[in-house]
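Notes follow once the structure below has been shown.
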Amino acid sequence: MKLGDMIIYGCVIIGAGIGLLFDKAIPGVLIGLGIGYVCKSLLFTNSNKE
């Protein structure tokens, strides 16, 4: 498993946990997925893009 994928999965799990506190797990998962994807794209920018 790649490090970028682990970041996304971690954010999804954290988002689901926070969502369960408010009885809305699915929106929490989706918000966590978005935040994880943004974090991954910010941390792992490909310098070979032209």
Checklist entry - In the chain, what percent of the accessible surface is made up of carbon and sulfur (1.4 Å probe, ligands and nucleic acids excluded)? => result 70
Item to check | Convex hull projection area averaged over all views, the chain, Cα basis, nm² | outcome: 3.7
Next on the checklist: What figure, in Å² to the nearest 10, do you get for the accessible area of L21 with a 1.4 Å probe and non-protein molecules left out?
Outcome noted: 140
Checklist outcome for this item: Judged on accessible area alone, 1.4 Å probe, highest first, M1, M6 line up as M1, M6
Checklist entry - How much area per residue is accessible in the chain when the probe is 1.4 Å and only protein heavy atoms are counted (Å²)? => result 83
Checklist entry - Can you list the residues, at least 5 places off or on another chain, whose amide H is less than 5 Å from the amide H of K24, using H built in the peptide plane? => result none
Checklist entry - With θ set to phi - 60° and the Karplus curve 6.51 cos²θ - 1.76 cosθ + 1.60, what are the ³J(HN,Hα) couplings of region 20-28 in order, to the nearest whole Hz, using x for Gly and Pro? => result 5, 5, 9, 6, 9, 6, 5, x, x
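The values are calculated or read from the model by the stated rules, or taken from the named source; none is laboratory data. Owing to the predicted nature of the structure, the values given are computational and were not obtained by experimental measurement. The area values use the complete protein model at the heavy-atom level, side chains included, leaving out ligands, DNA and RNA. Shrake-Rupley method; radii C 1.70, N 1.55, O 1.52, S 1.80 Å.
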